[in-house]
Amino acid sequence: MDYKEIADYIKKKLLEKKADDVIVGVVNGNAVQAKFTNNKISIMQNWDSVDIGIFISLKKKIASTSIKDFSRDRIDKAIEELIRFVNKTKPNEEFMGIAQGPFKYNKIDYTYDPKWNDLDPIDFVEESINKALEIGAKRCSGLGEIEYGNTYLLTSGNVEAEEEATAFDISIRALCDKYSSGHSYFTSRTFNKFDYLSAAEEAGTIAKDSLNPEAGKSGKYDVVFSPLAFSPILNSAGSSASIFSVESGLSFFNNLMNKKVASDNFNLYDDATLNGGIGSSMFDAEGYPSQRTQIIGNGTLKTFLHNTSTARRYKTKSTGNAGLISPDPRNLILEEGKHKKEELFENLKNGLWITNVWYTRFQNYASGDFSTIPRDGIFLINNGEIVKSIKGIRISENMLNMLKNVSMISNKSKDIVSWEAETPSRLPFVFVKNVNITRPEKEE
């Protein structure tokens, strides 16, 4: 059986077992990855994968599983195990079913490059290394990757949908010495928009400018965040906008609907219809059509993200954000401002430029208290000019304070996906006032 026949077989078998709702998603993927260390490619990896995700509801009992072995015996066994498991679970009285189609889907441009299989990450990795070295870096590490995926969705809600997608990624860390480094990232759905050399140039420049860092000082600082550094904050806002987070007590937006949660110039969308968006897709995990949803408008919280079930409970419409279990943001977009990037720096009279962060951790999800550690180039800026590079600081803040203190937003954006910000984001440089900077007890 091919993957469509397998999906149809699973759906029919589960319906025969009296399942009320069935979703079968098949993802065929291919990835080619080149890892590099100390200016040389160290590991080449190429893998194909096929994953089948299955969701069912039976008398309001819900369960999900995934399988990778597609023999008839293994499929039949997985079906029996899933039915046995769901029968042992307690009903979820709040579950209100899945999307009912059929639906029409709008085409999204620049999400698939048919030439992906003719390209080799070695080529753009080597060019990127040479560019960073040319700028002044001494050594570079990171990875380059080409990804392909085909998603096929079949549901008991009269949905059958399919799409292809590609992505090209470069993550490069350039170093001049042990204490001076720069990290940059570039991703694109099509190769003709994949400006990997700009990432190499940025990483090399940050590394070169961050030589001889001095210990930073605690205090309140105005801060310009590069897109890579601000993306974890945007991810946290997107996660807090999920109705699942609200109901779980993990959202700092709880009880704040239609209230101010950010500055007047802050407009945040979840938009899986965006042409070329890294998280763009024609449909969500239920097959509901993707849409553009404003989460925050002029600083005011406008909506939470819903799937079909939660939307029915709250007497509203799905926002097209279904995962198999909970609604999730898919493609977070911070609307661009009116300022050139240079204007943000010119307004830093005695502030910081933070280019990257890691270990973003919450002390309290409900209140939004968190900390994160700036890494790679951190710069003290005076009237738009770099005074010196610094090290050994921590941001200890509150998410709502950060969002409300956004003062300026630049007019050019960048797509970001990282291990600190797994939800794809498109965002500009961001100027935040009065950010609380501390010194960690032990220097990171």
7 Å from Cα along Cα→Cβ at both Glu93 and Glu16: what's the point-to-point distance in nm? 3.5 nm
Suppose the chain between Glu247 and Lys338 were pulled fully straight at 0.36 nm per residue; how much longer would it get relative to their current alpha carbon spacing? 29.2 nm
Would you please give the FRET efficiency between Val50 and Asn158, computed as 1/(1 + (r/R0)^6) with r the Cβ-Cβ distance and R0 = 22 Å, to the nearest 0.05? 0.35
Once the Cα atoms of helix 196-209 and of the chain are each reduced to a long axis, what angle between those two axes, in degrees from 0 to 90 to the nearest 10, is obtained? 40 degrees
Which whole-Hz ³J(HN,Hα) couplings does region 17-27 yield from phi under the Karplus relation 6.51 cos²θ - 1.76 cosθ + 1.60, θ = phi - 60°, glycine and proline marked x? 7, 6, 4, 7, 10, 9, 10, 10, x, 10, 10
In nm, what is the difference between 0.36 nm times the number of residues separating Asn117 and Arg361 and their Cα-Cα distance? 84.0 nm
Rounded to a whole number, what % of the accessible area of region 123-256 do carbon and sulfur atoms account for, probe 1.4 Å? 46 percent
For the chain, with every protein chain kept in place, what is the accessible area per residue (1.4 Å probe, Å²)? 45 Å²
Region 378-444 to region 140-209: how many Å between their Cα centroids? 21 Å
Degrees between helix 72-88 axis and first principal axis of the chain (Cα, 0 to 90, nearest 10): 90 degrees
Checked region 222-311 with the C-alpha gyration tensor, a ≥ b ≥ c its square-rooted eigenvalues, rounded below a/c of 1.5, otherwise prolate if a/b is larger than b/c and oblate if not; verdict oblate
Across region 354-359, in residue order, what do the Karplus-derived ³J(HN,Hα) couplings come to in whole Hz, using 6.51 cos²θ - 1.76 cosθ + 1.60 with θ = phi - 60° and x for Gly and Pro? 10, 9, 6, 9, 8, 6
Please compute the volume of the convex hull spanned by the alpha-carbon atoms of region 254-304 and report it per residue in Å³. 92 Å³
Non-local amide H neighbours of Glu286 (under 5 Å, H modeled in plane, Pro and chain starts lacking H): which ones? Ala322
Three-way shape call for region 30-123 based on the alpha-carbon gyration tensor, with the a/c threshold at 1.5: prolate
As a test of reading the structure, rank Met44, Met257 by solvent-accessible area (1.4 Å probe, protein chains only), most first. Met44, Met257
At 7 Å along the Cα-to-beta-carbon direction for both Thr438 and Ser64, put a label point, then send me their distance in nm to one decimal. 3.5 nm
Suppose R0 equals 22 Å. What FRET efficiency, 1/(1 + (r/R0)^6) with r the Cβ-Cβ distance, do Ile386 and Leu197 give to the nearest 0.05? 0.45
To the nearest 10 degrees, how steep is helix 3-16 against the longest Cα principal axis of the chain, on a 0 to 90 scale? 60 degrees
In region 2-112, what percent of the accessible surface is made up of carbon and sulfur (1.4 Å probe, ligands and nucleic acids excluded)? 49 percent
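The values are calculated or read from the model by the stated rules, or taken from the named source; none is laboratory data. Owing to the predicted nature of the structure, the values given are computational and were not obtained by experimental measurement. Here the Cβ is made from the backbone with ideal geometry for all residues, glycine too, and neighbour counts use every protein chain on show. Side chains included, ligands, DNA and RNA excluded: accessible areas come from the protein's heavy atoms. Shrake-Rupley method; radii C 1.70, N 1.55, O 1.52, S 1.80 Å.
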